[in-house]
């Protein structure tokens with residue numbers, strides 16, 4: 001994989017993380033959280049498509065962009081869903 005492919009993949013994943021952050025209106029901590037999730041999802045989707053299932057869906061050079069974007073969306077959605085839960089302390093004395 002070339003440096004240009006890595007940089008383009010990084011740029012796409014950062015744009016998806018920032019776009020999700022703007023859409024869901026989070027704070028600075030959420031921005032970092034969404035960027036990390038986006039990066040993991042992007043490269044997990046690319047790797048899954050490249051090495052495991054070997055499907056070509058919207059491939060751009062060496063980058064399996066379709067599955068990478070799908071991985072990003074899944075990771076961001078799942079991370080947002082998990083972070084939406086509120087902790088309740090049911091064992092507190094009344």
Checked 67, 20 against criteria (assigned to a helix (DSSP H, G or I) and in contact (Cβ under 8 Å) with a residue 60 or more places away in the chain); the one match is 20
I'd like to know if the range 3-15 contains one or more residues that are surrounded by 13 or more Cβ atoms within 10 Å (Cβ to Cβ), more than 11 Å from the chain's Cα centre (by Cα) and without any contact (Cβ under 8 Å) to a residue 24 or more places away in the chain.
yes
Tally, over the range 44-62, of residues that are in contact with a helix residue (DSSP H, G or I) (Cβ under 9 Å, 6 or more places away or on another chain), in a helix (DSSP H, G or I) and surrounded by fewer than 18 Cβ atoms within 10 Å (Cβ to Cβ)
4
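Values quoted throughout were computed directly from the atomic coordinates according to the rules given, and no laboratory measurement underlies them. Worth saying up front: this structure is predicted, and the values here are computed from it rather than measured. So basically every Cβ, Gly included, is an ideal-geometry build from the backbone, and we count neighbours across all protein chains shown.
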